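To start, the structure under review is shown below, and the notes come after it.
The values are calculated or read from the model by the stated rules, or taken from the named source; none is laboratory data. If you're wondering where the values come from, they're calculated on a predicted model, not measured in any experiment. Note: ideal-geometry Cβ built from the backbone for every residue, glycine included; neighbour counts use all protein chains shown.
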């Protein structure tokens with residue numbers, strides 16, 4: 001009897017299982033299949049010899065990386081840039097969401113949302129070209145305005161002191177619209193009777209925001225911050241790779257760009273794989289920790 005019910009249920013849900021099949025295959029081929037390449041981290045890998053004929057050298061690639069003179073600076077750059085992005089990427093969307101929540105004209109509100117949301121869909125290749133033109137020290141609109149005010153032009157993308165600030169601001173510009181929608185959805189879910197009661201008690205906008213809105217979205221703020229812990233070693237390869245240059249390596253070189261240069265430009269595949277494996281292990285630990293904290297603090301569960 002139970003077997004018949006199981007077969008009927010399987011037959012009824014068969015189209016759903018077939019719909020899942022293509023993405024499962026893609027994940028297996030492009031996410032799990034390449035993990036076999038981890039063995040390169042323990043080899044003196046030569047592409048012509050392949051995995052099976054390249055000599056095994058144990059942990060020598062890891063030792064080489066640890067002795068590399070720039071690796072500590074690369075780790076610091078990765079951590080510092082990622083933390084700044086998480087901080088700015090949390091504060092700015094909250095401020096924008098609180099501001100848009102007070103806009104009463106629906107058409108104007110949707111127009112602003114569309115404008116700030118649009119850069120999220122653009123690739124960093126396109127946005128990097130726009131930024132290079134805007135920030136050019138010779139003919140960029142920003143430096144033209146500075147010169148019109150009697151100031152000296154600034155080399156935003158060639159000066160390490162300015163490059164990090166440029167990374168953070170441009171990342172906020174690209175992603176602030178997407179994160180704002182999340183916070184706006186959380187604000188809309190707050191019981192409106194709380195605001196009505198606050199108005200009757202004489203509370204103004206600031207008091208309503210401080211005592212109702214922010215506590216009402218506190219859970220989603222904490223959740224997103226905790227989940228971002230897992231990506232703290234992902235400081236943004238696409239953005240930095242398309243914007244940086246050798247002049248700013250000291251302040252902008254991160255693990256991903258470091259791996260790219262060693263692996264693709266210097267063809268030290270074993271060393272590059274060792275760095276990537278190290279990053280993956282640390283990221284796995286941080287992701288596990290972030291989900292554990294999210295479960296403990298705001299009762300967030302994957303299943």
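Does at least one position in region 172-183 carry a residue that is outside any helix (DSSP H, G or I) and either touching a helix residue (DSSP H, G or I) at 6+ places or on another chain (Cβ under 7 Å) or assigned by TED's automatic domain parsing to the domain that holds residue 78 (or both)? No. Yes or no: residue 104 modelled with pLDDT under 85, farther than 24 Å from residue 227 by Cβ and not in a loop (DSSP other than H, G, I, E, B)? So residue 104 fails the test. Evaluating residue 257 against the criteria (1) surrounded by fewer than 20 Cβ atoms within 10 Å (Cβ to Cβ); (2) under 17 Å from residue 74 (Cα atoms) leaves one unmet condition, (1). You will find that of 129, 150, 111, 158, the residue that is loosely packed, with under 14 Cβ neighbours inside 10 Å and not in a helix (DSSP H, G or I) is 150 and no other.
Taken as a whole, region 33-47 holds no residue that is touching a strand residue (DSSP E or B) at 6+ places or on another chain (Cβ under 9 Å), modelled with pLDDT under 85 and either loosely packed, with under 10 Cβ neighbours inside 10 Å or outside any loop (DSSP other than H, G, I, E, B) (or both). Being modelled with pLDDT under 85 and in contact with a helix residue (DSSP H, G or I) (Cβ under 9 Å, 6 or more places away or on another chain) is a property that holds for residue 70. Of the residues making up region 94-108, just one is exposed (fewer than 12 other Cβ atoms within 10 Å of the Cβ) and in contact (Cβ under 8 Å) with a residue 40 or more places away in the chain, namely 102. Of the residues in region 135-143, none is closer than 17 Å to residue 240 by Cα and exposed (fewer than 15 other Cβ atoms within 10 Å of the Cβ). Considering only residues in region 191-249 that are outside any helix (DSSP H, G or I) and over 26 Å from the mean Cα position of the chain (by Cα), the one that is surrounded by the most Cβ atoms within 10 Å (Cβ to Cβ) turns out to be 203.
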